[in-house]
Amino acid sequence: MTIGITGFGAYVPRLRLNRSAVTEANAWFAPGLKGKGKGQRSMTNWDEDAITLAVAAARNALPASVARDQFARLVLASDSLPFAERLNAGVVAAVLRLPEAIYANDLCGAQSAAVSAVSQLVNAAKAGEAGLLVAASNRRTRAASPAELDYGDGAAALSFGSDKVLAEVLATSALTADFVDRFRLQGEDIDYYWEERWVRDEGIGVMGPKAVSQALNDACVSPDAIDHFIFPTVFRGADAQLAKKCGIAAEAVADNLAATVGDTGSAHALLMLCSVLEQASPGQTILLCQFGSGISCALLKVTEAIADFKPVKSLAEQIAAGKEENSYTRYLAYKGQLKLERGMRGEQDKKTALSTSWRHHDALLGFVGGRCTVSGDVHFPPSRISYTPGAPSQDTQEPYPLADKKGRILSWSAEYLSSYMAPPHQYGQVDFEGGGRLLMEFTDVSPGDIDSGGEVEMVFRVKDVDELRGYKRYFWKATPTSYPASENSNGEQV
Amino acid sequence: MPQGIKDKVAILGMGCSKFGERWDASPEDLMVEAYNEAMQDAGITPEQLDATWFSTHMEDVGTGRGGIPMSIALRLPNIGVTRVENFCAGGSEAVRAAVYAVASGACDIALALGVEKLKDTGYGGLPVATVGTYIPQWYPAAVAPANFAQLAAAYRAKHGIDKATLKEAISQVSVKSHANGAKNPKAHLRKEITVDQCLRAPKIAEPLGLFDCCGVSDGAAAVIVTRPEIARELGKTDLVSFKALQVAVSNGWEMSSSEWDGSYFHTARIASKKAYEEAGISKPREEISMTEVHDCFSVTEMVTMEDLQLSDEGKSWRDVLDGKFNADGAIPCQIDGGLKCFGHPVGASGIRMLYEMYLQLQGRADQRQLADVRTGLIHNLGGQPNQNICSVSIVGRLGE
């Protein structure tokens, strides 16, 4: 039985922070960072976090043809989960409408968590359980730090099983060590890290070859047979150095996407893997490694089935479609590192009735409406009584998922009155293909991006943050399927 | 078929406070101001009131809940006070309740009073309302200007009107109301404005600018109603009576179906049709002398003219530009200045609209007095275009 990856998908937020905007803004304080002022790094919109990133990646990995009730396991690996208590993977499972009987868990603590989870999902698949591994990262850094420029935000998802395997897992290996190159206490949100040369030479350089050779030996694969070597690192050349030490060809070292995305922490090995899989040919061998509290590896062999799978949105396509952000203060504000004056409307109490959330969780997280079996009319939210003029039917609605439906904008406005992190606040009425209508927020939009008649698709995002009680709630928003023209970060057409 | 309300109830007296930024006055002071004028106008004593209906929306920043605040403020003789709340249509609902009570014979004389003290909220606009525990979990935290601004996007798309023309038409709506409000001593905003000022004003919600939005103010208005025979016994002649009181409330069709195109008010079409039937009006453009329309935003007033059958569908923008609803036009609208100049103290607005009709029908509107006013239509709206409460009332001289 062939066990391995059956689907993959990545997600990179639309916004790309121009690194030179950061170095210029901080030049008075940290002129030494100027050398890092090239290219872009991905950044989350104000309404994105590790949960929404994970959902977006998983949706890209699961085309509509993939039955979701097959999954028995869900692992969410992240260095920046929004909730310390509340199963973050539980939110993802509900949004993806995975089966209630799923084993779902959050995995954190080491940057290599996602790669180490591969063996867990392989073992489950051997026992007949298909699983989903999602890794997401939305890290905070200190202003004017090298990390601020090196990092990026993003997510990747892999499905595992034994049916239509795209890349067989030949072996996995792990080396666990309390080698503290970085740490963060519970409740803190920014990592502290130690000197690069020590981490590279004493950590990566010593542990890497051991873990790599273990995986290669287990699978009886020679290092020179590796076609793609994935090793995320922000240390320039550390990946090539490790490859050389392990006997892997220099050409095999995979692009770490530093120029376009940045290092997406816990998600980065899987994100790079998605990039590699989008281009890989059958028969190629991929070595996936990530460092952090040791090192984890997985050795993969691409199968013929790779030709039959396409993520819903490829990573290459997403990288090409980024929107440059030149406002450093916007970046800081979105990361919660700059307190902006929100005015009186920002004082609104956003308490969530948890009992109400639970009662309606299919509608709120799964975005499930109701379709009247008599009239065919679609309602959101679902209701006991359907409305068809002159013929209100009672208890005739069946669950009707809307998340994958496209919509058209009926009416809209863009207002400057409310307290909103990305003004103007844009919302309007959306008509769904096949029925259903909703007043929805538009996200990832600037003035001029939408108009009546425009096509939109659904994305899962942060709806509100209750800062008084430290709670976040989520819902779906509409985003254009295409943008009118290229524009700069101020929303002006260029 | 119901018998309807036509000519069964007359107005005995009315009062209206000065509207505006009433830093000097509490909601209780405003209530007393409107009440005193109404009682004096009616020529009765508090003991003659049988029951009252009290309209206020934002209890948290105004008077508090229930009927007690009004009973205490006016020191009423322990009669029934019922608080009525139906968003911005609350004032008209209080009137409807009082009128129905009198028509039923359960009361001889009833009072309806509305008040709101918006300037104590601290907002430069309406605060965000609470709508239960579920809706905020999925519905956008939308503000009124953006909800109503969507009428413009949908109207443009439906009728193929370019942005600039529509903006000019809705600007003209405000210019007209300011010209009228300038003549009204009880109005909040009393300066004339130009189309150019409207076009250059700061943007609030695309395409609405500052002058497309009504003011935020404090105010109260009151009406005392009775049966015509009692009014005559009390020495009143020249009576103004209710010809129709209709309310239509959205049932979710607008938001659940793809049939509504977003460019008009479904409820206004239903309520006005029923009101015309109740009042026996078959040709509204000929029979309605004047209107007070719920002009929370300029675009609201414009599309409402089509809903009330006073403009052809897709042509209200043209009628507005042609001056059809100006003081010297065929069917003057907001002759008192409207919400645009009075501002919109939520609970009071519906009764304030009735106040102007009452004055005009009795020939007491001073500088604003129109010639030959016989029938007036009041349109009072609560909620937003896709989910609302629409009240359409028609008043006129008794017996005509």
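Computed from the coordinates by the stated procedures, all read-outs in this text should not be read as laboratory data. Just so it is clear, the structure is predicted and the values come from calculations on it, not from any experiment. All Cβ positions, even for glycine, are placed from backbone atoms using ideal geometry, and neighbour counts span all protein chains on display.
List of remarks:
- Selection from B:G122, B:P46, B:V81 lying farthest towards where the dipole of region B:34-183 points positive, charges on Cβ: B:G122
- For B:S263, net neighbour charge (Lys/Arg +1, Asp/Glu -1) across residues whose Cβ lies under 13 Å away: -2
- Region A:13-117: relative contact order in percent, alpha carbon pairs under 8 Å with at least 6 residues between: 24 percent
- In region A:126-273, the inverse of the mean reciprocal separation of distinct Cα atoms equals 17.0 Å; this is its Kirkwood hydrodynamic radius.
- Using only side-chain charges placed at the Cβ, +1 for Lys and Arg and -1 for Asp and Glu, the dipole size of region A:49-143 relative to its Cα centre rounds to 220 debye.
- Residue-wise HN-Hα coupling along region A:443-451, computed from phi with Karplus coefficients 6.51, -1.76, 1.60 (Hz; x: Gly, Pro): 10, 6, 10, 10, x, x, 7, 10, 7
- Of the GluC sites (Glu not before Pro) found in region B:240-312, those that fall in a DSSP loop while having at most 13 other beta-carbon atoms within 10 Å are B:E259.
- Rg/Rg_globular for region A:279-414, with Rg_globular taken as 2.2 N^0.38 Å and Rg from C-alpha atoms: 1.69
- Length-normalised contact order for chain B - Cα pairs under 8 Å, 6+ apart - percent: 26 percent
- The base-10 log of I(q)/I(0) for region A:405-494, evaluated at q = 0.14 Å⁻¹, reads -0.52 [Debye formula, identical scatterers on Cα atoms, solvent excluded].
- Distance between modelled label sites at A:E304 and B:V195, nm, 7 Å Cα→Cβ extension: 7.3 nm
- Charge dipole (debye, nearest 20) of region B:165-313; +1 at Cβ of Lys and Arg, -1 at Cβ of Asp and Glu: 600 debye
- Mean per-residue shielding of peptide B:126-136 is 4, counting Cβ atoms of other chains within 10 Å of each Cβ.
- Taking every residue in B:248-259 and counting other chain Cβ atoms within 10 Å of its Cβ, the average works out to 5.
- Selection of trypsin sites (Lys or Arg not before Pro), region B:49-156, meeting DSSP coil and at most 14 other Cβ within 10 Å: B:R65, B:R75
- The long axis of helix B:298-307 is offset from the longest Cα principal axis of chain B by roughly 80 degrees.
- Point-charge dipole on Cβ atoms (K/R +1, D/E -1) for region B:208-258, about Cα centre, debye to 20: 260 debye
- Positive contributions from Lys and Arg (+1) and negative ones from Asp and Glu (-1), summed over other residues with Cβ under 14 Å from the Cβ of B:E168, come out at +1.
- Here's the picture: charge each Lys and Arg Cβ at +1 and each Asp and Glu Cβ at -1 in the protein assembly as shown, and of B:I135, A:S314, A:A298 the one pushed furthest to the positive end of that dipole is A:A298.
- Dipole axis of the protein assembly as shown (+1 Lys, Arg; -1 Asp, Glu on Cβ), positive-most option in A:G35, B:Y35, A:L468: A:G35
- Computed on chain A, with alpha-carbon pairs under 8 angstrom and 6+ residues apart, the relative contact order is 17 percent.
- Local net charge near B:K6, Cβ-Cβ under 15 Å (Lys/Arg +1, Asp/Glu -1): +2
- Its residue count N sets the reference 2.2 N^0.38 Å, and the alpha-carbon radius of gyration of the protein assembly as shown equals 1.13 times that reference.
- Calculated [θ] (222 nm, deg cm²/dmol) that DSSP helices of n ≥ 4 give over chain B, each run adding -39,500 (n - 2.57): -10500 deg cm²/dmol
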